[in-house]
1. Given the protein chains as shown and a 1.4 Å probe, how many square angstrom of TYR22 are accessible, to the nearest 10?
2. In Å², what does the accessible area per residue of region 95-140 work out to with a 1.4 Å probe?
3. When a/c reaches 1.5 or more, the comparison of a/b and b/c decides; with that in mind, is region 100-140 rounded, prolate or oblate per its Cα gyration tensor?
4. With the full set of protein chains in place, find how many percent of the accessible area of region 57-140 is carbon and sulfur; take the probe as 1.4 Å.
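The values are calculated or read from the model by the stated rules, or taken from the named source; none is laboratory data. In this text the structure is predicted, and so the values were computed from the model without any measurement. To get the accessible areas, we keep the full protein, side chains included, count just its heavy atoms, and leave off ligands, DNA and RNA. Shrake-Rupley method; radii C 1.70, N 1.55, O 1.52, S 1.80 Å.
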Amino acid sequence: MVFNPAGFQAVYGDRYDIVTGYARGVISGGQFVYSSGATGAVSSGVNSFNPATDLLFVALASGNQVNGIALNTAGSNEPVAIARRGTFLVTAAGNVNAGAAGAVEGTDAVIAPGAFDHQIGRTLTNAGSGGYCLFDLDVA
């Protein structure tokens with residue numbers, strides 16, 4: 001994994017879109033995650049939704065599977081908060097340029113989107129491979 005060893009690093013705290021669920025395995029704060037294992041038991045009523053069983057997250061998101069970035073470290077079956085929008089310090093996988101579209105590859109680092117990757121935000125600063133960039137996440 002190449003996520004920020006300092007964990008979740010928010011820079012601007014005024015525009016987050018946060019959802020909560022449970023971790024299907026160990027997730028570290030600052031890792032990109034995706035939703036996995038929903039039971040399909042949700043109906044048209046809000047009372048049918050249970051985040052402990054219906055909204056489960058897994059680390060090492062990549063390509064089109066990114067749902068957000070973990071705000072806290074969580075063990076398996078523990079609660080985890082996921083930001084779907086916000087500005088964070090994240091690791092770059094390869095060189096990234098300020099203002100460029102950004103995607104995530106399987107080591108929790110931001111890359112320039114490839115043909116099959118989904119843009120999930122924009123880099124706000126330059127970074128070399130393995131360095132850190134300011135990233136404006138928007139998967140909502």
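1. Roughly 70 Å² of TYR22 is accessible to a 1.4 Å probe.
2. On a per-residue basis, region 95-140 sits at 46 Å².
3. Oblate.
4. Exposed carbon and sulfur together represent 49 percent of the surface.
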